[in-house]
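Undergrad: What follows is a single structure, and I will ask about it in a moment.
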Amino acid sequence: MMLSAQILRVWGSISFVSALAVAGEVLIAGGMQQLGDLDDIRASKGMLGTVMAVIGNGKFFTGALCMALNFFAMLFALSIAELSLAAPAIASLTYIGNAFAAKWFLREKVDQRRWLATAFVAVGVALIAR
Amino acid sequence: MKHALKPSQYAVLVAIMLTASVGDSLLSRGMGQVGQVDMHHLGLLWRALFNPFVDAGIVLLIGFFACYTAALSWADLTFVMPATAFGYVVIALLGRFWLHEQLSPSRWAGIALIVCAVGFVAGGPSRTEHPELDQMDAGVGR
């Protein structure tokens, strides 16, 4: 009973950190999708105008906030789970979560090639980072 | 889906691969020199800001975030993702050939998988077209 509660705590914290990372990356990507090619914005508004456009985008700002929270949540997760488990698990879950979130929320066309790449990256990162 | 990337956009993807991995390595080396930071030694964080490795790492990680943000403005998240993962390969290869660390067979397998993933995605289109967004852009431009 104690063991299953500990496992639940470890995987709960790993899932929470991964979910924050996915939310952050998808919101930032959504914000950039909304703004369009930054090179075009820079050509018309200059570098400062581009930076202001990016920072002023609500999705980008919320995404960056999620990434900051993710950093602190990661520190908390590492106090519960061992680094050798947490680092590869969080990285792999984040890559898989990003692919699903990109398909559902950003309506990206995730074809077979990209699913295969996501699976390879998730397993590859787990093998390297452990 | 749109496909063709400009040479400058490929350069941004390469910068994503290199800046994150080298930046993390520099931060790691700098923090190793500074010492372990805990609740009783928070002052060490201030000292860390004066460590050249930490400073170089921070600059590279800011560069990474700028390149990553720029890439997401012209490419899909699922297209850029393998490029970010390639940073793990760079760190592993730096460890092998620069620091002469031994890489286990499972790490070599991980490197091979990520290289394959980059190959799969690089051969395909970079961006999904969203006609309604393009129409909105055209409307904004008028």
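Undergrad: Which whole number gives the average, over all residues in A:94-107, of C-beta atoms from other chains lying within 10 Å of the residue C-beta?
TA: That average works out to 3.
Undergrad: Ok, one more. Expressed as a rounded percentage, what relative contact order does chain B have, with Cα pairs under 8 Å and six or more residues apart?
TA: It comes to 36 percent, rounded to a whole number.
Undergrad: If you don't mind, another one. Let me know the charge dipole size of region A:22-102 about its Cα centre in debye, to the nearest 20, where only the beta-carbon of Lys, Arg (+1) and Asp, Glu (-1) is charged. Show your work: numbers first, answer last.
TA: On the way: 3 positive and 5 negative charges, 37 e Å.
Roughly 180 debye, rounded to the nearest 20.
Undergrad: Using Cα-Cα distances under 8 Å and only pairs 6 or more residues apart, what relative contact order does region A:1-84 have, in percent?
TA: 46 percent
Undergrad: Per residue of B:58-67, count partner chain C-beta atoms within 10 Å of its C-beta, then hand back the mean as an integer.
TA: Mean shielding by partner chains, rounded to a whole number: 1.
Undergrad: How far is helix B:52-72 tilted, in degrees, relative to the longest principal axis of the Cα atoms in chain B, given as a value from 0 to 90 rounded to the nearest 10?
TA: Around 10 degrees separate the two axes.
Undergrad: How far is helix A:58-80 tilted off the main Cα axis of chain A, in degrees rounded to 10, range 0 to 90?
TA: Relative to chain A, helix A:58-80 is tipped by roughly 20 degrees.
Undergrad: Could you sort A:11-21, A:70-80, B:100-110 so that the peptide with the highest average Cβ count within 10 Å comes first and the rest follow in order?
TA: Ranked by mean Cβ neighbours within 10 Å, highest first: A:11-21, A:70-80, B:100-110.
Undergrad: How many Lys pairs in the protein assembly as shown lie less than 23 angstrom apart by Cα atoms, where the lysines are 8 or more positions apart or on different chains?
TA: 7
Undergrad: Counting only other chains, what is the mean number of Cβ atoms within 10 angstrom of the Cβ of each residue in peptide B:41-48? Walk me through the numbers on the way to the answer.
TA: On the way: counts 0, 0, 0, 0, 0, 0, 0, 0.
Per residue, the average neighbour count from other chains is 0.
Undergrad: Moving on to the next point. Taking loop as defined by DSSP and a crowding limit of 16 other beta carbons within 10 Å, which trypsin sites (Lys or Arg not before Pro) in region A:1-107 fit?
TA: Passing sites in region A:1-107 are A:Arg107.
Undergrad: Taking Cα atoms, how many degrees apart are the long axis of helix B:131-141 and the longest axis of chain B, rounded to 10 and kept between 0 and 90?
TA: The answer is roughly 90 degrees.
Values quoted throughout were computed directly from the atomic coordinates according to the rules given, and no laboratory measurement underlies them. Quantities reported herein were computed from a predicted structural model and do not represent experimental measurements. We place every Cβ from the backbone using ideal geometry, glycine too, and count neighbours over all the protein chains shown.
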